[in-house]
Amino acid sequence: MIAASPRLRLAARGATLAAALLTCVALVGALPLGIPDNGDFRKYSRHFVEGPAGEASAIPRTFDDWRTAYGNRGWHRYWNLRPAGLPGPPPVVGTGPTPWLWAPGIALHRLLRPGPVLDVTWIGLLPRLLLLLASILVTARVAREARERRAPTLLLAIPAWPLLLTASAMTAYLNTFYREGGTLVFAALFVAALAVAPDLAPGRAAAAAGATGAL
């Protein structure tokens, strides 16, 4: 195999770095964006918060009450945290792994910004880091293929992946208690696992793809 030219290697590294920076900028730029609650928040948010800040803390008992109380007032960035150590309601069957993605950001928020109010953008801390990781792994793979195949036109595809991951229609879910944010993250990790699979032993490649696909 003929080695790629120094110019192509430099272009591949530059494209990978630019894609990582683009992902970071887009994820940070999406912090003020969110989607209003349509009544589904209470299925998952009640394990972490009691209600939007400035509103009644008691969680409405029915779907329609919740939607009437909060869903028609737009996206809420600040929420009243459940008191630390207070047991939450019984887990909801079928919540999936997404709430586990929120927990680290909430824990860090409690540590760095003690108080009764949660800035909901913190729940997207781990999801954003995982999306950045997925962006780097996939774009690095494309850049490597461009070098090995000596096909610089492949580099033109690199920006498409971070732009897809950071589209506001998707990242807005990261600032909500909807599970779609987790779906975005796990789908991105699945693609990233497929991207790195050729470099792994067969057993490890299958395990990586299977684990992210199962989530």
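Some values worked out for this structure:
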quantity	calculated
Highest-first arrangement of 151-159, 165-173, 182-190, where packing means the average Cβ count within 10 Å	182-190, 165-173, 151-159
Estimated vicinal HN-Hα couplings, Hz - segment 110-119 in sequence order (Karplus 6.51, -1.76, 1.60; Gly, Pro = x)	4, 6, 8, 10, x, x, x, 10, 9, 7
Per principal axis, descending, Cα span of segment 126-178 in whole Å	45, 18, 10
Distance (nanometres) between label positions extended 7 Å along Cα→Cβ at Asn38 and Val117	2.9 nm
Under Karplus coefficients 6.51, -1.76 and 1.60, residue-wise ³J(HN,Hα) of segment 151-159 in Hz, glycine/proline x	10, x, 5, 4, 5, 5, 7, 4, x
Isotropic mean projected area of the C-alpha convex hull, segment 114-153 (nm²)	3.8 nm²
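Bear in mind these aren't lab numbers, they're just calculated from the coordinates by the rules spelled out. Being a predicted model, the structure only gives us computed values, none of them experimental. Counting neighbours? That spans all protein chains shown, and the Cβs are built from the backbone with ideal geometry, glycine included.
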